[in-house]
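Let me begin by presenting the structure, written as structure tokens, before commenting on it.
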Amino acid sequence: PAPVFPHLQNDSWGKQYSHALFKAMSHMLCIGYGQQAPEGMTDVWLTMLSMIVGATCYAMFIGHATALIQSLDSSRRQYQEKYKQVEQYMSFHKLPGDTRQRIHEYYEHRYQGKMFDEENILGELSEPLKEEIINFNCRNLVANMPLFANADPNFVTAMLTKLRFEVFQPGDFIIREGTVGKKMYFIQHGVVSILTKGNKETKLSDGSYFGEICLLTRGRRTASVRADTYCRLYSLSVDNFNEVLEEYPMMRRAFETVAMDRLDRIGEDWPLQVPPLS
């Protein structure tokens, strides 16, 4: 039979194999049937088989390549899928435009384009690893807060492991006066205003904490707290607060000292039923 590439008979083996590979890929990738159309029935069936195998291989390649690209940044893909659900939710309830914009900005500041199941990840780790990660994540909070800087490292670790990260937008009321307090807050970054009955306004920023008065007195909130900027806070529930202070009673005095000072500023008396430790 005549050679497929008669002009390559006297060329180097590299050129011959290159042209042979080109023809094979033309079959396998379904780009065509090669430089010459099949003539006999055997050629027709071999060409069709080659096209079927090529199409299968091509589809598998595309599928694996797509999965690889998605796995390179699965947290961003998870965030995008989650936010698509949020957009559909907002559209379904026909929320106004300004509310949608605030929700969008909240997600951008809260998750910053990536989403992780942090509780599940930390729950699978050993306690030493979990504590090491939490201490690293909260290192700026510990560095900026005198309460933590001078405290027992075991107390700091016990406190940090019970904190929950929260984000508030400018104008949000984090605490409202007269409500029952269930949390206190530590400011990682941002500025808040403490608003009292006498229209006094006190600013707190990075490294400060607030909301402890209600947890100590078991009463209602004595002031409102409003976020002036985007605030990244860590909250501590009343149950976790009391649990930690039961193990470290000396640290209760530090909280009570700040609480009494703040009550003096707003003209309130320390409740008699829960006197400070002496």
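The values are calculated or read from the model by the stated rules, or taken from the named source; none is laboratory data. Everything numeric here is computed off the predicted structure, so don't read it as measured data. A quick note on method: Cβ atoms are made from the backbone with ideal geometry, for glycine too, and the neighbour counts reach across all protein chains shown. Surface accessibility is based on the protein's heavy atoms, side chains included, excluding ligands, DNA and RNA. Shrake-Rupley method; radii C 1.70, N 1.55, O 1.52, S 1.80 Å.
Among the residues that make up the range 215-229, is at least one of them assigned by the TED database to the domain that holds Asn144, of a type in the set (A, V, I, L, M) and either open to solvent by 50 Å² or more (accessible area, probe 1.4 Å) or under 20 Å from Val142 (Cα atoms) (or both)?
Of the range 215-229, the ones assigned by the TED database to the domain that holds Asn144 are 215-229.
Right, trim to of a type in the set (A, V, I, L, M) and you get 215-216, 223, 225, 227.
Now narrow it down to the ones that are either open to solvent by 50 Å² or more (accessible area, probe 1.4 Å) or under 20 Å from Val142 (Cα atoms) (or both): none.
Looking through the range 215-229, none of the residues is assigned by the TED database to the domain that holds Asn144, of a type in the set (A, V, I, L, M) and either open to solvent by 50 Å² or more (accessible area, probe 1.4 Å) or under 20 Å from Val142 (Cα atoms) (or both).
Among the residues of the range 87-125, those identified as hydroxyl-bearing (Ser, Thr, Tyr) and open to solvent by 60 Å² or more (accessible area, probe 1.4 Å) are Tyr89, Ser91, Tyr106, Tyr111. Scanning the range 101-132 for residues that are free of Cβ contacts under 8 Å to residues at least 12 places away in the same chain and more than 15 Å from the chain's Cα centre (by Cα) yields Gln101, Gly123, Glu124, Leu125, Ser126, Glu127, Pro128, Leu129, Glu132.
Glu177 meets each of the listed conditions (1) open to solvent by 30 Å² or more (accessible area, probe 1.4 Å); (2) assigned to a helix (DSSP H, G or I) apart from (2). Looking only at residues in the range 180-204 that are in a loop (DSSP other than H, G, I, E, B), in contact with a helix residue (DSSP H, G or I) (Cβ under 9 Å, 6 or more places away or on another chain) and farther than 23 Å from Lys162 by Cα, the one that is least open to solvent (accessible area, probe 1.4 Å) is Thr196.
Selection of the range 136-173 for residues being β-branched (Val, Ile, Thr) and open to solvent by 20 Å² or more (accessible area, probe 1.4 Å) yields Val142, Thr157, Thr161.
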